[in-house]
Amino acid sequence: MAKFKVYYTIELNEVATHIFEENGFEVKVCSHNDEETYVKELAEFQPDGIMCRTEPITAKMMDTCTNLKVIGKQGAGLDNIDMDHASEKNIQVVFAPAGNANAVAEHGLLLMLACAKRFNYVDKQFRGGNFLVRMGMEHTVELEGKTLGVIGCGRISSLLMKKCKYGMGMNIIGYDPYLTQDKVGDLCELKATAKEVWEQADFVSVHLPVVDSTFHSIGREQFSWMKPYASFINVARGALIKEDELIECLKDGTLFQAGLDVFEHEPIQESSRELFDLDNVIMTPHMAATTEQSVLNCCTSVANDIVAVCNGEAPKCPANKPKF
């Protein structure tokens with residue numbers, strides 16, 4: 001009989017399964033990604049641990065499991081997990097805050113480069129037979145000498161700033177109410193207000209968690225502060241943005257261009273489908289963190305922490321402090 005059980009909402013890499021099996025765990029992968037299926041299968045399987053990525057882990061799911069000890073997030077953001085309920089139920093949550101940081105930072109740079117070359121517009125024109133689109137292109141720029149503005153100066157944004165400053169020769173400004181200039185050194189020039197960053201940058205990249213104070217905190221007002229040909233980058237969370245206002249600003253020219261990896265509703269819902277028809281937005285399907293290296297790092301870290309918690313040991317990367 002298995003020592004413990006782990007239920008996956010998604011299996012990203014076999015390395016985690018190997019770790020569980022080597023430690024005598026039984027593993028089950030969900031058959032379909034929706035709460036009804038999760039609840040039914042959790043009730044039948046009764047796992048000690050749940051392994052997820054961006055799939056919602058709800059209070060109802062937790063309440064279905066009588067043996068649940070730990071929830072493991074294969075990534076950094078925790079907004080898909082009902083953290084308050086987990087703590088109330090004395091369920092340990094573990095995550096991988098550093099496992100995908102470099103991958104996400106690189107993806108931010110990718111979207112910046114695509115915006116700088118107006119990649120989406122050029123690609124559509126070229127595929128439509130317009131080879132001469134390359135002649136006389138307006139508002140395509142080199143990153144060298146341009147200014148990157150960062151809202152939220154944490155782990156991922158710091159990596160992005162380093163790549164842009166030392167690799168691309170960009171100027172870096174930022175805003176973070178929890179940091180002082182001596183803490184960031186010469187990596188970037190901190191501004192007193194977020195508005196100064198929005199106004200002065202050629203590319204604005206947001207790196208914030210979704211909490212009550214940041215939910216839908218970015219919209220037409222912020223986009224109206226930007227330079228006429230500045231670009232907006234989001235590899236953080238879609239719920240930071242008022243998506244209807246983003247679409248309106250991209251359509252009416254208030255916002256010149258955007259590079260987006262995240263959306264408020266994933267998969268994208270009908271209300272956001274207009275984004276697909278716009279030439280001035282580059283989109284990827286929340287894939288910034290899914291490189292081979294980052295997936296391996298995250299899965300290994302989280303699986304080891306799930307094993308530790310189930311065995312009564314302290315995890316290396318706890319995300320909450322339940323009262324055991």
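The values are calculated or read from the model by the stated rules, or taken from the named source; none is laboratory data. These figures come from a predicted structure and were not determined experimentally. Cβ sites come from the backbone with ideal geometry, for glycine too, and all protein chains shown count toward neighbours.
Pairs are defined by a Cβ separation below 9 Å, a sequence spacing of at least 6 or placement on different chains, a first member in region 110-122 that is assigned by TED's automatic domain parsing to the domain that holds E142, and a second member that is in a helix (DSSP H, G or I) and aliphatic (A, V, I, L, M); the pairs so defined are M112/L160; F119/L113; N120/A114; Y121/V133; V122/V133. Screening G108 on (1) farther than 18 Å from V302 by Cα; (2) assigned to a loop (DSSP other than H, G, I, E, B); (3) in contact with a Gly (Cβ under 9 Å, 6 or more places away or on another chain) shows it passes everything except condition (2). Taking the criterion of being among the hydrophobic types (A, V, I, L, M, F, W, C) and buried (at least 18 other Cβ atoms within 10 Å of the Cβ), the residues of region 1-44 that qualify are F4, V6, L12, A16, I19, F20, F25, V27, C30, L42.
Does region 160-167 contain any residue that is under 30 Å from A16 (Cα atoms) and crowded, with 19+ Cβ neighbours inside 10 Å? Taking every residue of region 160-167 in turn, at least one turns out to be under 30 Å from A16 (Cα atoms) and crowded, with 19+ Cβ neighbours inside 10 Å. Give the residue, chosen from G145, G152, that is out of contact with any Leu (no Cβ under 8 Å at 6 or more places or on another chain) and modelled with pLDDT of 95 or more. Going through G145, G152 in turn, the sole match is G145. The numbered conditions (1) loosely packed, with under 12 Cβ neighbours inside 10 Å; (2) of a type in the set (A, V, I, L, M); (3) touching an Asp or Glu at 6+ places or on another chain (Cβ under 6 Å) are all true for A192 except (3). It is to be established whether one or more residues within region 147-157 are closer than 23 Å to Q257 by Cα, among the β-branched types (V, I, T), assigned to a helix (DSSP H, G or I) and without any contact (Cβ under 8 Å) to a residue 24 or more places away in the chain. No.
Name the residue that is nearest to K162 (Cα to Cα), counting only residues in region 111-146 that are part of a loop (DSSP other than H, G, I, E, B) and β-branched (V, I, T).
Going through region 111-146, the residues part of a loop (DSSP other than H, G, I, E, B) turn out to be 117-118, 128-130, 135-146.
Among the residues that remain, those that are also β-branched (V, I, T) are: 140-141.
On the way: T140: 23, V141: 20 Å.
Once the filter is applied, the top-ranked residue is V141.
Determine whether F215 is touching a residue at least 24 places away in the same chain (Cβ under 8 Å) and either surrounded by fewer than 23 Cβ atoms within 10 Å (Cβ to Cβ) or not in a strand (DSSP E or B) (or both). Yes: the conditions hold for F215. Screening region 16-63 for residues that are free of Cβ contacts under 8 Å to residues at least 12 places away in the same chain and charged (D, E, K, R) and picking the one that is farthest from A76 (Cα to Cα) gives E44.
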